[in-house]
Amino acid sequence: MKPLLRYQGDFQWEGVPVGPYKAEGTHFRGVTRQTLLGPDAGLRCELRYFEIEPNGHSTLERHDHAHAVVIFRGAGRVLVGAEIFDVRPFDLVRIGPQTWHQFRSAPGAPLGFFCLVDCARDRPVQPTRAELGALRTDSQIAAFIRT
Ligand code: MN
């Protein structure tokens, strides 16, 4: 394990591949992943850098594990539970267990963020049709979410 992952500019780190956000699916748009600290780092958490291209979005999901997200680049909005927040660099977003969440980049800007997560974690789940219906009873959430 290298002691230093040199930042090489352009929101990339030396020797760290820019990979897909998730293996497959149409429930997200324009998202890449870089794993900065993986399970081999000797920690109980992983640190990833995600980037959402302009007008993209992450998956609308929830799970038992929590996320701590530090915005690093660009602009966007995030749904956490029943609230939607504008986010900008250096904001910290805390997502608790079983809390619906989705990140969207701004139409004209990417959204890049670090995400800290447990190494041992459950799989994310997407809303059922009934759960989507319940989420959409809030008009702001209905207008925000992408599935
Ligand atoms: Mn998540």
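Tabulated results
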item: Candidates Gly25, Gly38, Gly108, ranked by Gaussian network fluctuation over the chain, Cα under 10 Å, top entry; result: Gly25
item: Quarter of the Cα convex hull surface for the chain, i.e. its orientation-mean projected area (nm²); result: 8.7
item: For the chain, accessible area per residue (1.4 Å probe, heavy atoms of protein chains only), Å²; result: 57
item: Accessible area of the chain belonging to carbon and sulfur atoms, whole % at 1.4 Å probe; result: 52
item: Relative packing of 27-36, 4-13, 135-144, which averages over residues the other C-beta atoms within 10 Å, highest first; result: 27-36, 135-144, 4-13
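The values are calculated or read from the model by the stated rules, or taken from the named source; none is laboratory data. Being a predicted model, the structure only gives us computed values, none of them experimental. Don't worry about glycine lacking a Cβ; one is built from the backbone with ideal geometry, like all the others, and counts go over all protein chains shown. To get the accessible areas, we keep the full protein, side chains included, count just its heavy atoms, and leave off ligands, DNA and RNA. Shrake-Rupley method; radii C 1.70, N 1.55, O 1.52, S 1.80 Å.
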